[in-house]
Amino acid sequence: MVLSFEEIAKSYKRIEDLSKRLEMTDELIDLFTGRSPAELEYIVRLTKGEVRPAFEGIELGVAEKLAVKALYQVTLISPDEIEEKRKTLGDIGSLAEEIMRRKMQMSLFSEELTVDRVFKSLEKISLVEGKASQDHKLKLIAELLHDATPLEARYITRIVCGKMRLGIADMTIVDALSYVMTPEFSDIIEKILSLRPGEPIEASVKAISTHKTAALNSLIDLISHPKKNGLDPDIIQKVHPLVDDLRSRIKNNRKIMVKAYNTHPDLGSIANKLMEFGIEGLKTIHVQPGVPLRAMLGERSSSIGSILERMGGETALEYKYDGLRVQAHIWNEEENRSIVLFSRQLEDLTDQFPDVVDYINDRFQGEDGIVEGECVPVEPNTGRLLPFQLISQRRGRKHSLQEKVKEIPVSLIVFDCLYSNGNDMTNEPYLVRREALKGLFKDLGENIEPEKGVSLSKMKIVKDPVIGETFFNMSLEDGCEGIMAKSISGSSVYQAGSRGWHWIKYKKDYRSELSDTLDLVVIGAFHGSGRRKGRYGALLMASYDPKEGIYRSVCKLGSGFNDQHLFEMVSIIDELSGPIEHVWKNVDSKMIPDICTTPDLVLEVLGAEITFSPNHTCSFGKIKDDAGLALRFPRFTGRYRSDKGPTDATTEEEIIGIFGSQNKIISDRSS
C-alpha cells in the first residue's frame, strides 16, 4: 500500500495541537507503526526536517522568498499580496496553507503526493548546485505544491525552508521507536490474559496492544491501586511482575537505541535498520571514521579534594583549553587520505580550518583514526593561548578565509582517541586511549609549537589535593579555563553522548560570588523601553533537564549586552519566535515573555549566586517546596555558544550541584 503524504501531514497537525511530550510520543508511535524500512526512514527524516543527517552537511537551503515565488507560480496570487500576508502570519507554513486554500481548484492533472515522491523531490532540491540552481529548486518546489492539499503545502514549505519546528526532540523519536520495536507486548498480553484477571484488567491489557505510553501507564496505575479498584490481590501479585518485565524490556531497547544513536547520530538510518532487523540489528553499529560520535561530557565539582574523593583517591588532571571542540576523522579512501573535522554539534568544519587539516595531514602517521581535541587560537611566535573569541571569527566564514587563517592562526590540542588503526578505542580505559594518541602523530608533545599545529593536552596524575591545586593554578596562568579531571580506573571508557563522573570539570571555586559561567538557552524575550525601545530589553533563559527533555526557566537576563548585541538579538529572536503552543512544546516556565522562542540559542552567562525563587521552574520542588532555583544578578559575558546546541546547555542537575557546593563553601567559611 502506497503511503500518502497527506496521512503524514494530518499526523503533524495533530502533534502541533498537543502540548505534552507523552501525547506527542503516542502520536509518533501511531505514525511509525506498520511501516516498511524505507517508509520509516523517510518519516523520521521528514519529522526532523532533513533529508540527510546533519553531519553530512547536506541542507535544503531554500529561502522563504523562493517558497513565495513557488506559491505565486501555483496560485497566480500576486507576490505582493503573498508577501504582505507572510509578514502578518509570520510562519511560512501557515502562509502556504492559507494561500493554497485560495487556489480555485485542484488541477485536472494533479497527482496524489506520496511520502516517497515528496522525500525524493526534497533530496533533489538539497543536491541542486550551480548557476541555475535557484530556478531548478523553484521548479521542484512548485511541482510539489501544484499537487499538494493546503495542509500538505503547510509542511512541505516548512521543511524546504528549514522551519519544521514540531517541538519533537530526537529523544522523543527514540522513545516512540522503543515502544514500536518492543515485540514482547503481545507475549505479555497473552500471559496476563491467560490468568483470567477479570474485566478491568483485561480491558486495560488489551489496550496496550497499541504500544502506546498512555495505555501502558493506565494499566500500571490500575494495578498499583488494587484495593481502590477492587482487584484480586492474588491476581495482582502475578500481573505485576509481567508488567514490570515489559517496562524493563522497553527501557533496555531504548538503552540500545541511545547507544547506537550516540555512536552513529543518524536517526533515519537507525529507524531503517530497526524496521528491517529489529533491535539486534543495532548491535552491528560500530564506531567508524567519517561518522561523528556524540561528545562525552563531564560533571562539575567545587574542589580538588572532592574530585579525588569521587575518583577513588587518584585522578588524571588535564588542562581545560578555551577553544572549539573538534573531532577529527582520518581515513584512506582509494589510496587517498580523507580528513574531516566535526564540531561538538556534528557540523562539518573542514572547509573553515584548512590549516588544521594540513597540520593533521603532515603529522598523522597511523592508518586511520578519530581523535578529539580543542582548536585554540595561538600567538604564532610563542604558542601563547589567545582568547576564544578570536576563533569565533573563523566560524562560518566563506569569504576572505585565507586572510583570517593568517590573521588568526590556530593549533589543535588533542586529548582523546576514539579510533585507532582499525580499532574502536571507546571501550578502552582513558590512559590506554591517551597512549594511543602518541602513536598516531609524529613527535606529539605537550608543548604548543605553532609550526607543528598539533600537540597533546597537558596532563598530570595526582593523589594530593595540594599538587592538584598547583596544577590548576598553572592552567590558569597558561591561559586555560581550568582543568578536567579524568578517571584512570579500568572502567574509564569513552561514554559517547553521556554526561557522567568519569570526567569532572573544575574551573574556579564556587564562592558566594559565583565565578563559573553557565551556558543557558534563550526561551523568550521582553520588549525594551527607554534606551532599548524598539529592541529587546531582557531575555528569558533556561537550563536543560535531559531526563525529561524539558527546558526550565532559571533567570531573566538583561545585563552585559552592548549596542551590537542588542542590534543582533532582534533578528535572532525574530527568527526563533513563534506562537507559544508551537515553540514551547518542551519548555516549562511560569514566566511568560512578550516573545516566545524555540529553545535553540545558547549564551554564556555569569551571575552572583544560585538562589531559591518561586518564579522559576529549574528544579522546582526538588530542594524546597514551592520554589525553584534561579541565577541571581545574571549578566551576558558576550559569548554566543555557537559550539553548543540547546541539549548541551547547563543541566538542571548541574545547577543543583552548584547550589549545593556554593552553600557548603559558605557554611564552611562561617563555621
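Tabulated values for the structure
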| read-out | value |
| --- | --- |
| Qualifying residue in segment 198-211 (condition: surrounded by fewer than 15 Cβ atoms within 10 Å (Cβ to Cβ) and within 16 Å of Glu50 (Cβ to Cβ)) | no |
| Exclusive hit being assigned by TED's automatic domain parsing to the domain that holds Leu122, assigned to a loop (DSSP other than H, G, I, E, B) and surrounded by 17 or more Cβ atoms within 10 Å (Cβ to Cβ), set Val51, Val74, Val44, Val68 | Val51 |
| Any hit, segment 78-89, residues being within 30 Å of Ala169 (Cβ to Cβ), assigned by TED's automatic domain parsing to the domain that holds Lys163 and crowded, with 18+ Cβ neighbours inside 10 Å | yes |
| In segment 126-154, the residues that are touching a Leu at 6+ places or on another chain (Cβ under 8 Å) and outside any loop (DSSP other than H, G, I, E, B) | Ser126, Gln134, Lys137, Leu138, Ile141, Leu144, Leu145, Glu152, Ala153 |
| Checklist (1) in contact with a helix residue (DSSP H, G or I) (Cβ under 6 Å, 6 or more places away or on another chain); (2) within 30 Å of Tyr494 (Cβ to Cβ); (3) in a helix (DSSP H, G or I) applied to Glu280, failing item | (1) |
| Residue satisfying condition, being at pLDDT 95 or above, of a type outside the set (Lys, Arg) and under 30 Å from Pro646 (Cβ atoms), within set Val454, Val493 | Val493 |
| Matching option when the condition is of a type outside the set (Phe, Trp, Tyr), surrounded by fewer than 21 Cβ atoms within 10 Å (Cβ to Cβ), closer than 28 Å to Lys20 by Cβ and at pLDDT below 95, among Arg499, Arg535 | Arg499 |
| Residue identified as assigned to a helix (DSSP H, G or I) and over 36 Å from the mean Cα position of the chain (by Cα) among Ala176, Ala203 | Ala203 |
| Hits in segment 215-241 - residues which are in a helix (DSSP H, G or I), surrounded by 16 or more Cβ atoms within 10 Å (Cβ to Cβ) and not β-branched (Val, Ile, Thr) | Ala215, Leu216, Leu219, Leu222 |
| Residue under evaluation Ile208, criteria (1) within 30 Å of Asp588 (Cα to Cα); (2) in the same structural domain as Ile43 (by TED's automatic domain parsing); (3) over 26 Å from the mean Cα position of the chain (by Cα), criterion not met | (2) |
| Residue count, segment 610-635 (criterion: among the acidic types (Asp, Glu) and surrounded by 13 or more Cβ atoms within 10 Å (Cβ to Cβ)) | 0 |
| Matching residues in segment 16-41 - criterion: being farther than 17 Å from Lys120 by Cβ, of a type in the set (A, V, I, L, M) and either modelled with pLDDT of 95 or more or surrounded by fewer than 20 Cβ atoms within 10 Å (Cβ to Cβ) (or both) | Leu18, Leu22, Leu28, Ile29, Leu31 |
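To keep it simple, each residue is scored yes or no on (1) outside any loop (DSSP other than H, G, I, E, B); (2) at pLDDT below 90.
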position	(1), (2)
Val371	yes, no
Glu374	yes, no
Leu390	yes, yes
Gly396	no, yes
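The values are calculated or read from the model by the stated rules, or taken from the named source; none is laboratory data. Source: prediction; values computed, not measured. Please note: Cβ atoms are built from the backbone with ideal geometry, for glycine as well, and neighbour counts cover all protein chains shown.
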